[in-house]
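The values are calculated or read from the model by the stated rules, or taken from the named source; none is laboratory data. In this text, all values refer to a predicted model and were calculated from it rather than measured experimentally. In this analysis, Cβ positions are derived from the backbone assuming ideal geometry, glycine residues included, and neighbour counts consider all displayed protein chains. We work out accessible area using only protein heavy atoms, side chains counted, and drop any ligands, DNA or RNA first. Shrake-Rupley method; radii C 1.70, N 1.55, O 1.52, S 1.80 Å.
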Amino acid sequence: MTEWFEQWFGEEYHALYPHRDDEDARRAIALIRTAAPWREGERVLDLACGPGRHAAELERLGGRVVGFDLSRAMLRRARERTHALLVRGDMRALPFRGGSFALAVNLFTSFGYFLDDAEHRLVVRQVAAALAPGGHFVIDYLNAEFVRRTLRQSESAAGRAVRVTRRIDGDSRFVIKEIELRDEGRRFQERVRLFGADELAALLGDAGLRVVAHFGDYDGGPPGPEAPRVILVGAR
């Protein structure tokens, strides 16, 4: 039985979210460069790199980027915009040697996909192991507190026969999005763990990373209940 994320992140995803542009990527990477600077030529891991928006910006700013993703469709898109080394695989089984990277990033809530938190811990521990001493891991995640308070339960995509419904599960642990492509008779699901900022910090700490910065948006705003994002910088 396949996991939801093995089915959803294909061309349908791009068709539904065409507004996700390079400006967001530039803001995020500018913030990361300030909080966790890297030197030109140092190796950078873009974990769950998607279509390569962030990898391209990391590369433009001098990083030797490795993009890692499970989706073939995403990696095809990434190849169109970056010269980074692209690797297909499952983040629960990273194929990199210890100490390989000066920086690792996991951006735009590309985490929290698994039912068992032990698998989330495994991912972060492997990322930490792949960092060189003094390296940094930056995770950019939804703010669970903000999501619980502001969740839009349904919407339709303009110009498309698409219906999107959202809900929080009974244990308040996951936000679940159901995507129905009515003209094609297909349905997809997204399910993301509602990690609080303290829980994410604990995951980093369990992997031996010390949280050295915490932001609430891509402009470096403060964290808190009104912030849209939880952006943590962990140092090895």
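Miscellaneous remarks
- Per-residue SASA entry for R27, accessible area with 1.4 Å probe, Å² rounded to 10: 70 Å²
- Positive-end extreme of charge dipole, the stretch 95-236 - chosen from G134, P228, G170 (charges on Cβ): G170
- Over the chain: helical MRE at 222 nm, DSSP H runs n ≥ 4 each giving -39500 (n - 2.57), nearest 500: -8500 deg cm²/dmol
- Each Lys or Arg adds one and each Asp or Glu subtracts one; over the other residues with Cβ under 15 Å from the Cβ of D117, this totals -1.
- Percent RCO, i.e. relative contact order, over the chain, from Cα pairs under 8 Å lying at least 6 residues apart: 18 percent
- Solvent exposure ordering (accessible area, 1.4 Å, most first) of D198, D116: D198, D116
- Per residue solvent-accessible surface (Å²) - the chain, probe of 1.4 Å: 48 Å²
- Extending 7 Å from Cα along the Cβ direction at D116 and again at A30 yields two label points whose distance is 4.3 nm.
- Contour minus Cα-Cα distance for S172 and V212 (0.36 nm per residue): 11.6 nm
- Split the chain at each of the GluC sites (Glu not before Pro) in a DSSP loop with at most 11 other beta carbon atoms within 10 Å, and the longest piece is 81-183.
- Taking θ as phi - 60° and the Karplus parameters 6.51, -1.76 and 1.60, the scalar couplings of the stretch 140-153 work out to 10, 9, 5, 8, 4, 4, 5, 4, 4, 8, 10, 4, 8, 6 Hz in sequence order, x denoting glycine and proline.
- Sites R39 and E199 - FRET efficiency at Förster radius 35 Å, r taken between beta-carbons, to 0.05: 0.65
- Heavy-atom accessible surface of the chain: percent carbon and sulfur, 1.4 Å: 48 percent
- Once both labels are positioned 7 Å from their Cα atoms along Cα-to-Cβ, the gap between A93 and R72 label points is 1.7 nm.
- Overall size of the stretch 41-145 from C-alpha positions, given as principal axis extents largest first: 34, 32, 28 Å.
- Accessible surface of T34 - all protein chains present, 1.4 Å probe, nearest 10 Å²: 110 Å²
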